[in-house]
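Here is the structure we will look at.
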């Protein structure tokens, strides 16, 4: 199918979001089934939470217990491995800046490969992406030049690029992750997969 | 299938919750497919929100726009009619007290019939359940003795019964609606339908 003639699916995510990890594993196949490509957009959920006056589900004690259980169950439901990170949530600006650096210097495939690698490392191997040494080791293991990546995450150019991405997300109405936009229609959450599939298959309903 | 030998599915809901309206339409068939019965528990979401320090999604301006869109889309996804109530959210203590009065004086089927009738009235016909006159008319139309129902919703006995239900819900970890418990496993949200179906079919995963 010609994937160029249709608009991409925008996929907003934060590297510290369990539901984003899960969605990242199914979104490409879903898009491909409907002749679409995925346009990934790494953001910082904390920034969109602040703009929308929201907080993480795990910051509410009663909701937290449920959320931790649901993260793991939702991963298993999709047939995915899951290990609750021992440090959670974590600041993800360095991983996200690396994403934008790869996206804009090496292209969408390199950025998507890094996304997969970083999500799997954090949510199945307890690799703390906010720790510079752990991040460098993961980058090297993932076939990315770790030294160049570290230079990128310290560079105002890529700091600004991430800031722009956060601002664009807020302007687009994003207040959580994963957040998808298909032809202007917003879908929030890993649990909107079936609604997205129907939208892609039959159009607006 | 013998439905007596298996524990019921607990279904907590508030009459002002759109996702609870949707779930109320599919939960009986889901339960029946797996030889279960549904144990409905009308509660006041405001009370559980307060206990969990949460608020309604529509109380956050940015989330509100998405939520209103998602309510309607989620209903259409299930093939259900939906009309956003002109007054929303509403206090639902009277409708909920009628539920408990019916449940304990006439049984689960009468209470389930009232639940269906009240949800459909509010979410497809803009009948404001918090308005006593509208509520009386709906009760009469639904085959319930409206005078007796009004006496019940003003009676300390049924006020207390609802209060107990709220307290039991909080003790069970309920912080939103619809909220389901299957053999001790909690499921929050209309969008957990498939996870529940799998849990019922194959057991814990």
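For the range B:111-127, name all the residues that are surrounded by 17 or more Cβ atoms within 10 Å (Cβ to Cβ) and in contact (Cβ under 8 Å) with a residue 12 or more places away in the chain.
First, pick out the residues of the range B:111-127 that are surrounded by 17 or more Cβ atoms within 10 Å (Cβ to Cβ): B:111-112, B:114-115, B:117-123, B:127.
B:111, B:112, B:114, B:115, B:117, B:118, B:119, B:120, B:121, B:122, B:123 - these are the residues of the range B:111-127 that are surrounded by 17 or more Cβ atoms within 10 Å (Cβ to Cβ) and in contact (Cβ under 8 Å) with a residue 12 or more places away in the chain.
Here's the yes/no breakdown for (1) within 14 Å of chain B (Cβ to nearest Cβ); (2) surrounded by fewer than 23 Cβ atoms within 10 Å (Cβ to Cβ); (3) out of contact with any helix residue (DSSP H, G or I) (no Cβ under 9 Å at 6 or more places or on another chain):
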| site | (1), (2), (3) |
| --- | --- |
| A:6 | no, yes, yes |
| A:12 | yes, no, no |
| A:24 | no, no, no |
| A:45 | yes, no, no |
| A:53 | yes, yes, no |
| A:64 | yes, yes, no |
| A:68 | yes, yes, no |
| A:82 | yes, yes, no |
| A:89 | no, yes, no |
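Would you confirm whether or not the range A:156-170 contains a residue that is out of contact with any strand residue (DSSP E or B) (no Cβ under 7 Å at 6 or more places or on another chain) and over 30 Å from residue A:53 (Cβ atoms)?
Yes, some residue in the range A:156-170 is out of contact with any strand residue (DSSP E or B) (no Cβ under 7 Å at 6 or more places or on another chain) and over 30 Å from residue A:53 (Cβ atoms).
Out of the range A:114-137, which residues are touching a helix residue (DSSP H, G or I) at 6+ places or on another chain (Cβ under 9 Å), part of a helix (DSSP H, G or I) and more than 20 Å from residue A:43 (Cβ to Cβ)?
Of everything in the range A:114-137, those that are touching a helix residue (DSSP H, G or I) at 6+ places or on another chain (Cβ under 9 Å), part of a helix (DSSP H, G or I) and more than 20 Å from residue A:43 (Cβ to Cβ) turn out to be A:124, A:132, A:134, A:136, A:137.
Which helices (runs of 4 or more DSSP H) sit wholly inside the range B:140-205 and have at least 2 residues that are at the interface with chain A (Cβ under 9 Å from one of its Cβ atoms) and under 27 Å from residue B:129 (Cβ atoms)? Spell out how you get there, then give the answer.
Details: elements: B:146-153, B:156-171, B:193-202.
In the range B:140-205, no matching helices (runs of 4 or more DSSP H) lie anywhere.
So residue B:108 ticks every box in (1) surrounded by fewer than 20 Cβ atoms within 10 Å (Cβ to Cβ); (2) within 14 Å of chain A (Cβ to nearest Cβ) but one. Which box is left unticked?
Status for residue B:108: all satisfied but (2).
Throughout, read-outs are computed from the coordinates displayed, never taken from laboratory work. Keep in mind it's a predicted model, so treat the numbers as computed, not measured. All Cβ positions, even for glycine, are placed from backbone atoms using ideal geometry, and neighbour counts span all protein chains on display.
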